[in-house]
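Heads up: the structure comes next, in structure tokens.
The values are calculated or read from the model by the stated rules, or taken from the named source; none is laboratory data. Bear in mind that the values here come from a model prediction, so they are computed numbers and not experimental data. All Cβ positions, even for glycine, are placed from backbone atoms using ideal geometry, and neighbour counts span all protein chains on display. Heads up: the accessible areas ignore ligands, DNA and RNA and are worked out on the full protein's heavy atoms, side chains in. Shrake-Rupley method; radii C 1.70, N 1.55, O 1.52, S 1.80 Å.
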Amino acid sequence: MEVTQDMVIQAVRTLHNLIYEQWKTQLFLSPKWFGIVAFIIFSYILCFRLLDKTRYTRLFLFGSLITVFYTVYDIIGVNFLLWHYTFRIVPTMPSIMLDNLTIIPLYSMLVFQYTKTWTSFAAFYAVLAAMLSYGLPMFGIVKVINWSILYNIVLVVFLGLLARAVVIGIERLEEKAGSELSTPASTHLTPQPVLKHMERESEDRNEP
């Protein structure tokens, strides 16, 4: 059977209608919905109070990379039915508000800020990844279908290490470019020929 674009569009429309109907009648304004919204607000307040304001550029670059990496990873997982979101703050697929835009980037920035070495970062980030991987299914937010929680922990840690490597690499490129710009201009001057200097001295001696 040939699959047409109209068939795909109709299937997507049906899925969206199911998600929206479930969200409107069972999830929206439920006690769990209010609890998750409160946790999101708490996370933003806590993290912005703890984040170093003098390093906002560095931290938000890292957090943005985490958001992009994890969102792509999450979209792939949902579309290949590796896992499924059973609870949504908003009726979208995947449910991006809870982990993609809150838990992962905010708490990742804290780990990034308070760890100085690759080893300490990997260790604390593994703890964060484990809490996320076990916590979301435990609280009925995600249902793991054809995936392993251990695999998820490993891949989330890998994404964190990749984002850290990108940020450090960009900073080193900036430092290198800055050092080249600050090189004294005198080092680029062409020395005058010795012959011209001797001619000038000869002219000075011939003057009365």
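So the values come out like this:
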quantity: ³J(HN,Hα) computed for each position of the range 112-117 - Karplus, 6.51 cos²θ - 1.76 cosθ + 1.60, integer Hz, glycine/proline x; calculated: 4, 6, 9, 10, 10, 10
quantity: Inter-site label distance for SER148 and LEU181 at 7 Å from Cα along Cβ, in nm; calculated: 4.8
quantity: Helical mean residue ellipticity (222 nm; -39500 (n - 2.57) per DSSP H run of 4+; nearest 500) of the chain; calculated: -23000 deg cm²/dmol
quantity: Amide hydrogen neighbours beyond the local backbone of VAL142, cut-off 5 Å, H modeled; calculated: THR86
quantity: Rounded to whole Hz, the Karplus (6.51, -1.76, 1.60) HN-Hα couplings of the range 38-52, x for glycine and proline; calculated: 4, 5, 4, 4, 4, 5, 5, 5, 4, 5, 6, 6, 8, 5, 6
quantity: Computed label-point distance, nm, for sites MET93 and SER30 using a 7 Å Cα→Cβ extension; calculated: 1.8
quantity: Rounded to whole Hz, the Karplus (6.51, -1.76, 1.60) HN-Hα couplings of the range 82-92, x for glycine and proline; calculated: 6, 8, 9, 7, 9, 9, 9, 6, 10, x, 10
quantity: Contour excess over end-to-end distance, with Cα ends at VAL12 and VAL166 and 0.36 nm allotted per residue; calculated: 51.9 nm
quantity: Length-normalised contact order of the range 1-101 in % [C-alpha pairs under 8 Å, at least 6 apart]; calculated: 37
quantity: Number of Lys pairs (Cα under 27 Å; 8 or more positions apart or on different chains) in the chain; calculated: 6
quantity: Top of LEU51, LEU110, LEU18 by mean-square fluctuation, Gaussian network on the chain, Cα under 10 Å; calculated: LEU18
quantity: Accessible surface of the range 27-68, 1.4 Å probe, proportion on carbon and sulfur as whole %; calculated: 77
quantity: The chain - charge dipole about Cα centre, Lys and Arg +1 at Cβ, Asp and Glu -1, debye rounded to 20; calculated: 1000
quantity: Calculated Cα extents along the principal axes in Å (choose from (i) 48, 36, 30; (ii) 86, 35, 33; (iii) 107, 48, 30), label; calculated: (iii)
quantity: Global form of the range 1-86, assessed from the alpha-carbon gyration tensor, a/c cut-off 1.5; calculated: oblate
quantity: Chain lengthening between MET138 and VAL68 when straightened (0.36 nm per residue, less Cα-Cα); calculated: 22.7 nm
quantity: Stretchable slack from ILE75 to THR4, in nm (0.36 nm times residue separation minus alpha-carbon distance); calculated: 23.3 nm
quantity: Distance (nanometres) between label positions extended 7 Å along Cα→Cβ at LYS53 and TYR114; calculated: 2.0
quantity: Residue (of ASN146, LEU51, PHE62) at the positive-pole extreme of the chain, dipole from beta-carbon charges; calculated: ASN146
quantity: Rounded accessible area per residue of the chain, 1.4 Å, Å²; calculated: 66
